[in-house]
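S.K.: The structure that follows is given in the form of C-alpha cells.
The values are calculated or read from the model by the stated rules, or taken from the named source; none is laboratory data. Bear in mind that the values here come from a model prediction, so they are computed numbers and not experimental data. Positions of Cβ are generated from backbone atoms using ideal geometry, with glycine treated the same way; all protein chains shown enter the neighbour counts.
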Amino acid sequence: MKRVLLIEDLPQVAQHLQQMLSREKEAELVAVESEGDAALVRVTTEKPDAVLIDALLSGKSTGFDIAKRVRAASPGTRIVMVTVPQRPIDPKPDQGIDAVFVLPGGANELATALAIGKRDVRLKGRMIVCFSPKGGSGKTTIAINLATILRRRGHSVALMDGVMQFGSLRHALQVPPATRSIVDLPTGQGMRTSLSEVLWEGPSGVAVLLGPPRPEEAELMAAPDVAMAMQLLAEDHDYVIVDAPSKLGEETLAMLDVADVILLVVTYMQASIANTRAAVDTFEALGYKGKIPILLVVNQADNAAGMSKGGIEHTLNLPVVGEIPTDWKLVAESLNKQQPFVLSSPNAAVSKAIDALANALVQQQRR
C-alpha cells in the first residue's frame, strides 16, 4: 500500500486526483495540502511513500521549490510532478522529480508514476563493487559517501559491507552496538524473506547490510551466500554499493562474479598502481574484462607525484571516472564523527568530487 500526499491548490484538480487515487486499491491518500509549509509538516510527520505536487502551484512557493524541500526533508519519498501537455517536464531525480503525471492521464499512467503494484516491477539494481588490492586506499570512505550521494538524489540505495572479517562500515557510521548483520540471515533462498529485518537505516535513508560484528563469525559466511545477499539487495534497490575486501579470496570473487561494475580505487603511487596492474591482469584471466565495466577512481588525486590521469589510464588500459582530492582534516573528522562528509560539508572539494563520480557512474549506466 502506497501512502500518497497530494499538494494541489485548485479544488477541482484536487478533487479529480482524489477520485483517481480512491479507485487505486494499492494507494492510500494521506492528506491534501494547498501550500508548501503545511505540506512540509505533513511530509516530516506522516512520511508518505509518494507526493503528488502540482507544478503550476500559484502560491509563494512553486511546485519545483516544494519538490526540493520535500527531497531534503524525506529523501526516500517518491516525488511526482503533475502538469499539463502545454507545460512538459522531464523527470530529474537529482532535482527532486522522480516521475511526471500529465493531466488528463488515466489510472495506468498515474499508477506508473507512483510506482504502484505490478507496474512497480523493478529492473535489477546496479551492483557496484568498490575494490582495491591495497589497504588504506580510501575505498570504504568512497563507498559510504558515494552511496549517500546517490541516495540524496532520490535513488533507493543499499550499502553492503563485503568484508566479513574486520569490516569497516560498522565503525565508520553511527551504528548501534546491537544492530544485526549478514550473519543473522539464513542461508540459501531463506535469505530472501529475512533480509529486510537485518538492514539498518543509515545516512539519508541508505539501507546498510553490515558484516559480522566479531571476526570469528566470518567463518559462518559462505561465498555463495554473500553473492546472493548482493543480488537480493539489487531486487529492491536502484544501486547496491559494496565495500569489498582487498584480498582476492572466494568471497571477493563471488562478489565480482555478480557485479555490474567494478570500481577500482587507486592512487598516484607506484605501489598502488603496481598492485592494481596485478589485479587487472587477474580480472582479465578470469574473463571480467570486456564483460564487466572496470572503472578507475583515483583517490588523493592532487598528490600526482609526477603522474597523470592519462598516464594511469595508459598504464592500466582502463578509464578514470573520478578523481578525489585530498582533505585529511575533513575525512578524519568525518570518520571520527561517523558521518559522511558529503552531508556535513557538501560544498567541500572532496564532496563535489564524489558528486561528480556519481554523475559519471549514472551517465556510464545510461550509455
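S.K.: Being in contact with a strand residue (DSSP E or B) (Cβ under 9 Å, 6 or more places away or on another chain) and among the small types (G, A, S) narrows it down to one residue among A222, A278, A229; which is it?
M.R.: A229
S.K.: Please give the strands (runs of 3 or more DSSP E) falling wholly within segment 251-367 in which 1 or more residues are of a type in the set (S, T, N, Q).
M.R.: So the answer is 294-299.
S.K.: Among the numbered conditions (1) surrounded by fewer than 19 Cβ atoms within 10 Å (Cβ to Cβ); (2) farther than 21 Å from T326 by Cβ, tell me where V280 comes up short.
M.R.: For V280, the exception is condition (1).
S.K.: Separate question: Report yes if T112 is more than 30 Å from N347 (Cβ to Cβ), of a type in the set (S, T, Y) and in a loop (DSSP other than H, G, I, E, B), otherwise no.
M.R.: no
S.K.: Tally the residues that are of a type outside the set (D, E, K, R), over 20 Å from E216 (Cβ atoms) and under 20 Å from the mean Cα position of the chain (by Cα), restricting the search to segment 178-197.
M.R.: 2
S.K.: Right, next: Under the condition of being part of a loop (DSSP other than H, G, I, E, B) and surrounded by fewer than 11 Cβ atoms within 10 Å (Cβ to Cβ), which residue from segment 175-189 is modelled with the highest pLDDT?
M.R.: Filtering first and then ranking leaves P176.
S.K.: Turning to a different aspect of this structure: From the residues in segment 150-172 that are farther than 21 Å from I294 by Cα and not in a loop (DSSP other than H, G, I, E, B), which one is nearest to the chain's Cα centre (by Cα)?
M.R.: R151
S.K.: Pull out all pairs, ordered by first then second residue, where Cβ-Cβ is under 6 Å, the residues are six or more apart or on different chains, the first lies in segment 110-122 and is at pLDDT below 50, and the second is not polar (S, T, N, Q).
M.R.: R119/A111
S.K.: Kindly provide the set of residues from segment 58-105 that are of a type in the set (G, A, S), touching a helix residue (DSSP H, G or I) at 6+ places or on another chain (Cβ under 6 Å) and not in a helix (DSSP H, G or I), ordered by number.
M.R.: S61, S74, G76, G96, A99
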